[in-house]
1. Take the conditions open to solvent by 50 Å² or more (accessible area, probe 1.4 Å), touching a Ser or Thr at 6+ places or on another chain (Cβ under 6 Å) and either in a loop (DSSP other than H, G, I, E, B) or within 26 Å of His396 (Cα to Cα) (or both) and apply them to Pro303. Does it pass?
2. Is there a residue being away from the ligand (no atom under 16 Å from the Cβ) and assigned by TED's automatic domain parsing to the domain that holds Leu384 anywhere in segment 324-334?
3. Residues of segment 248-281 being touching an Asp or Glu at 6+ places or on another chain (Cβ under 7 Å) and under 19 Å from Leu384 (Cβ atoms), which ones?
4. Just one of (1) in contact with a Ser or Thr (Cβ under 6 Å, 6 or more places away or on another chain); (2) buried (at least 17 other Cβ atoms within 10 Å of the Cβ) trips up Ile41, so point out which.
5. Here are Val408, Val417: which of them is closer than 26 Å to Ser13 by Cα, assigned to a strand (DSSP E or B) and either of a type in the set (Val, Ile, Thr) or at pLDDT below 95 (or both)?
6. Specify which of the listed residues (Asp49, Asp74, Asp69) is acidic (Asp, Glu) and within 16 Å of the ligand (Cβ to nearest atom).
7. With in contact (Cβ under 8 Å) with a residue 12 or more places away in the chain and open to solvent by less than 40 Å² (accessible area, probe 1.4 Å) as the only criterion, which of Ile416, Ile389 stands out?
8. When segment 1-46 is examined, which residues are found to be of a type in the set (Gly, Ala, Ser), within 15 Å of the ligand (Cβ to nearest atom) and closer than 17 Å to Thr407 by Cβ?
Amino acid sequence: MSKLRIEGGRRLSGELKLQGAKNSALPILAATLLGEGVSVIHNCPDLTDIAAAVKILEYLGCKVVREGDTLTVDARQITQCTIPENLMREMRSSIVFLGAMLSRTRKAKICMPGGCELGPRPIDLHLEALKKLGATITSDHGYLDCKVEKGLEGGKISLLFPSVGATENILLASCMAKGRTVIHNAAQEPEIVDLASYLNGRGAKIRGAGKSRIVVDGVEHLDSAEHTVMPDRIVAATYLCAGAITGGEILLREVRPCDLESIFPIFEKMGMHLRMTESEVLLKPPTDGKIRSVNAIRTMPHPGFPTDAQAPIMAVLSVAEGTSMFVENIFESRYKHAQELNRMGADIKVEGRVAVCTGVDALYGTEVQAEDLRGGAALVLAGLRAEGITQVNDIHHIDRGYESIETVLDSLGANIVRIA
Ligand code: UD1
């Protein structure tokens, strides 16, 4: 298993161009199955989760070619309607293939995704919604057998929670369904807007993406199309945190500041100075060099503070002056990084969904364990600040979402190497 070795204490500075968003590229890759076209997807990050999605597409019969950050998916011929267990298990979010497969092949057999490192990951909202659109779903020995006898038909769906994945699955299943689908309490994340924009670029009729009510009028045909994946807002937040925790100055290029509006106020409360243009963000350290604590950070569905940015921000606040509080409202078990940060000298107490983080003067390098994607990134951030050497183990979690994190941080002046 690969590890990262970090010698902390260097102030990072410099500029970088952001990778494309994993959480946008994944549903878009699933959407390439719809219709019988060829999709050219630019700005597709080179990540293990994306490689897992490509394996699924290839297994189903698509031809996929990568040239640089462009993936061309030829989905004119589909030969399978089952995703085997080993491929499903490589990536939990492969559930998003279900809606696309039902639309394309009218049947799909996939294994039930299990829990994951963030706690139980139910898919009840996905399944209830797909049933409303006409799917029959039975569960058999850990597999889900899904069929649509007469073709998918539009319907009214009110989500009990604005689930990102369920909203995506509904968009995929409904855009070629018969008639109109209305989604109430839809997720409003920018990645939903990106998916809808890819689908509309192929001729789908989706209105309201990015709002809580989305209307989809089913179409009979989708064209081939080209699409550029949006920049990754969580990776952007992570590299801003790298600047913040080391007292450095970071310029992000090719970013969409509007996607980061719920995160910027936290940086400002921490005392950082931010300057933005339409496609750039510059972060400068507090004038007196001191990171301030933040009263309360509550994770929420978009446009609230994103749960994916909770761990990176916690790393920064672990060395703030004063006490900060986090309330994790999205996932049950998303504080595993806290105990590892404590091993580095942080003072974080976790009680259920609340974490209380009292800033310390210094962090110290030691061997720590990445337990999930963003929590792993938080440990790398802490290692950049810590005195001495930090070794972060199990970085396959980090490789799911960050393109060569060590190369990016090295380019900003960090002393970091990957050890096989
Ligand atoms: C997506 C993102 C993930 C992010 C999350 C919340 C991708 C690939 N992943 O995950 O990075 O942290 O949104 O912004 O885009 N839930 C149910 N039943 C369901 C579906 C969800 O109870 O059928 C619950 C989940 O357990 C969780 C909450 O709803 O507690 C949010 O999940 P959801 O919005 O669906 O997240 P994902 O799409 O899995």
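1. Values: open to solvent by 50 Å² or more (accessible area, probe 1.4 Å): yes; touching a Ser or Thr at 6+ places or on another chain (Cβ under 6 Å): yes; either in a loop (DSSP other than H, G, I, E, B) or within 26 Å of His396 (Cα to Cα) (or both): yes.
Here the answer is yes, as Pro303 does meet what is asked.
2. Filtering segment 324-334 for residues away from the ligand (no atom under 16 Å from the Cβ) gives 324-325.
Of the ones still in play, those that are also assigned by TED's automatic domain parsing to the domain that holds Leu384 are 324-325.
Among the residues of segment 324-334, at least one is away from the ligand (no atom under 16 Å from the Cβ) and assigned by TED's automatic domain parsing to the domain that holds Leu384, which makes the answer yes.
3. Residues of segment 248-281 that are touching an Asp or Glu at 6+ places or on another chain (Cβ under 7 Å), as a first pass: 251-253, 255, 274, 279.
Once the filter is applied, which keeps residues that are touching an Asp or Glu at 6+ places or on another chain (Cβ under 7 Å) and under 19 Å from Leu384 (Cβ atoms), segment 248-281 yields Leu251, Leu252.
4. Ile41 satisfies all of (1) in contact with a Ser or Thr (Cβ under 6 Å, 6 or more places away or on another chain); (2) buried (at least 17 other Cβ atoms within 10 Å of the Cβ) except (1).
5. Values: Val408 fails: assigned to a strand (DSSP E or B).
Answer to the selection: Val417.
6. Working: Asp74 fails: within 16 Å of the ligand (Cβ to nearest atom); Asp69 fails: within 16 Å of the ligand (Cβ to nearest atom).
Step by step, each of Asp49, Asp74, Asp69 is checked, and only Asp49 is acidic (Asp, Glu) and within 16 Å of the ligand (Cβ to nearest atom).
7. On the way: Ile389 fails: open to solvent by less than 40 Å² (accessible area, probe 1.4 Å).
Criteria check complete, one pass: Ile416.
8. Start the filter on segment 1-46 by keeping residues that are of a type in the set (Gly, Ala, Ser), which leaves 2, 8-9, 13-14, 20-21, 24-25, 30-31, 35, 37, 39.
Next, from what is left, pick out any that are within 15 Å of the ligand (Cβ to nearest atom): 20-21, 24-25, 30-31.
Gly20, the sole residue that qualifies.
The values are calculated or read from the model by the stated rules, or taken from the named source; none is laboratory data. Note that the structure is predicted; figures quoted are calculated from it, not measured. Glycine gets a Cβ as well: all are built from the backbone with ideal geometry, and neighbour counts include every protein chain shown. Accessible surface areas use protein heavy atoms only, side chains included; no ligands, DNA or RNA. Shrake-Rupley method; radii C 1.70, N 1.55, O 1.52, S 1.80 Å.
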